[in-house]
Each structure stands twice: as structure tokens, then as C-alpha cells.
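Colleague: Attaching a single structure in C-alpha cells format; questions to follow.
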Amino acid sequence: ALLLVILSFLMGIAWMLLGILFRNEPKLQAMGLFGCTHKTVAMGVPLINAIYERDPMVGLYTLPLLIWHPMQLVLGTAIAPRVAEYVENRENELVQCQQQQEEQHQQREEDNFDENAWSIEVGGTDDNANDAAKR
């Protein structure tokens with residue numbers, strides 16, 4: 001039970017930090033969540049065997065890893081649908097935000113064009129009128 005709490009805590013910290021680092025990259029957040037916290041038996045067992053090669057207790061040293069890995073798989077399986085939903089929703093938000101920014105930019109360009117066209121129709125800008133008045 002303690003290992004589950006530790007794993008959940010580490011995944012929570014990883015998620016928060018990844019949210020800060022990859023604010024506009026939800027797919028990288030999801031990838032980082034699992035990549036930061038999931039260590040596999042395929043990596044751990046050979047490493048433990050290399051470090052404790054001649055120790056007769058090597059089996060006991062691998063026991064925490066053999067418990068940790070399945071727990072990662074179970075917890076990862078439980079949160080994967082929620083993470084996938086977050087990624088989809090966040091990407092939709094980013095697309096909508098980008099579209100709104102493009103629309104605002106387009107509107108500003110149209111407003112600037114209208115102002116310039118009005119200035120030309122009237123006979124120039126206020127600076128031109130001031131220059132003419134000074135002469």
C-alpha cells in the first residue's frame with residue numbers, strides 16, 4: 001500500500017512539472033507522465049544483477065522491483081483513459097485559442113486598413129493637415 005501511495009505521489013509531481021514545462025504540448029505531458037515514473041523489469045533486473053552479481057540475496061533485491069512494475073502497469077491502466085481525455089480536450093482548447101487569435105489578428109488588420117482608407121479619402125492623416133496649416 002505504501003508503494004502505491006509513493007507511486008501516485010511521484011506521478012502527481014511529474015504531472016504538475018510536465019504541465020509547467022510543456023504547457024501547450026499535451027501529448028508530451030502524457031508521454032512524460034508515464035516515461036518519468038515507469039521503470040521496467042527489463043531494465044531493473046539486469047542492473048541489479050550487475051551490481052549484486054555475487055550476492056546470494058540478489059533475489060530479495062529484485063523483489064521491490066517485481067512489486068513496483070505490476071503496480072505501475074495497474075495504475076497506468078487506470079489513469080490512461082483520463083489522460084487520453086485530457087490530451088484530446090486540451091488539444092481542442094489550443095486549436096480554438098489559436099483560431100480566436102487568428103480571427104483577432106485578421107480583425108485588427110481589417111480595422112487598420114479601414115482607418116488608412118479613410119485617411120486617404122479625407123486627404124491624408126492629421127499630421128498632413130497640421131503640416132499644411134503651418135505653411
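The values are calculated or read from the model by the stated rules, or taken from the named source; none is laboratory data. Nothing here was measured: the structure is a model prediction, and the numbers come from that model. We place every Cβ from the backbone using ideal geometry, glycine too, and count neighbours over all the protein chains shown. Keep in mind that these areas ignore ligands, DNA and RNA; they rest on the heavy atoms of the full protein, side chains included. Shrake-Rupley method; radii C 1.70, N 1.55, O 1.52, S 1.80 Å.
Colleague: Please count how many residues of region 61-96 are at pLDDT 90 or above and either under 19 Å from GLY35 (Cα atoms) or surrounded by fewer than 15 Cβ atoms within 10 Å (Cβ to Cβ) (or both).
Modeller: 19
Colleague: Moving on to the next point. Could you give every pair whose Cβ atoms fall below 8 Å, whose first residue belongs to region 64-79 and is in contact (Cβ under 8 Å) with a residue 60 or more places away in the chain and within 15 Å of LEU2 (Cβ to Cβ), and whose second residue is open to solvent by 50 Å² or more (accessible area, probe 1.4 Å) and assigned to a helix (DSSP H, G or I), counting only separations of at least 6 or pairs across chains?
Modeller: Filtered contacts from region 64-79: PRO64/LEU3; ILE67/LEU3; TRP68/LEU3; MET71/LEU3; MET71/LEU4; LEU75/LEU4; LEU75/SER8.
Colleague: If I filter region 1-44 down to residues being free of Cβ contacts under 8 Å to residues at least 60 places away in the same chain and among the basic types (Lys, Arg), which single residue comes out as surrounded by the most Cβ atoms within 10 Å (Cβ to Cβ)?
Modeller: LYS39
Colleague: Which pairs turn up if I take residues in region 80-98 that are part of a helix (DSSP H, G or I) and look for partners that are of a type in the set (D, E, K, R) and surrounded by 11 or more Cβ atoms within 10 Å (Cβ to Cβ) with beta carbon separation below 7 Å, at least 6 apart in sequence or on another chain?
Modeller: Final answer for the pair search is VAL87/LYS27.
Colleague: Consider VAL58 against the criteria (1) hydrophobic (A, V, I, L, M, F, W, C); (2) open to solvent by less than 50 Å² (accessible area, probe 1.4 Å); (3) within 30 Å of ARG23 (Cβ to Cβ): it satisfies all of them except one. Which criterion is unmet?
Modeller: If we test VAL58 against (1) hydrophobic (A, V, I, L, M, F, W, C); (2) open to solvent by less than 50 Å² (accessible area, probe 1.4 Å); (3) within 30 Å of ARG23 (Cβ to Cβ), just (3) comes out false.
Colleague: Now, a different point. Looking at (1) charged (D, E, K, R); (2) at pLDDT below 90; (3) farther than 28 Å from ILE6 by Cα, which is the only condition LYS39 fails?
Modeller: (3)
Colleague: Could you list all residues from region 35-65 that are of a type in the set (Ser, Thr, Tyr) and not in a helix (DSSP H, G or I)?
Modeller: THR40, TYR52
Colleague: Would a scan of region 103-111 turn up a residue that is assigned to a helix (DSSP H, G or I), closer than 17 Å to MET31 by Cβ and of a type in the set (Asp, Glu)?
Modeller: Among the residues of region 103-111, not one is assigned to a helix (DSSP H, G or I), closer than 17 Å to MET31 by Cβ and of a type in the set (Asp, Glu), which makes the answer no.
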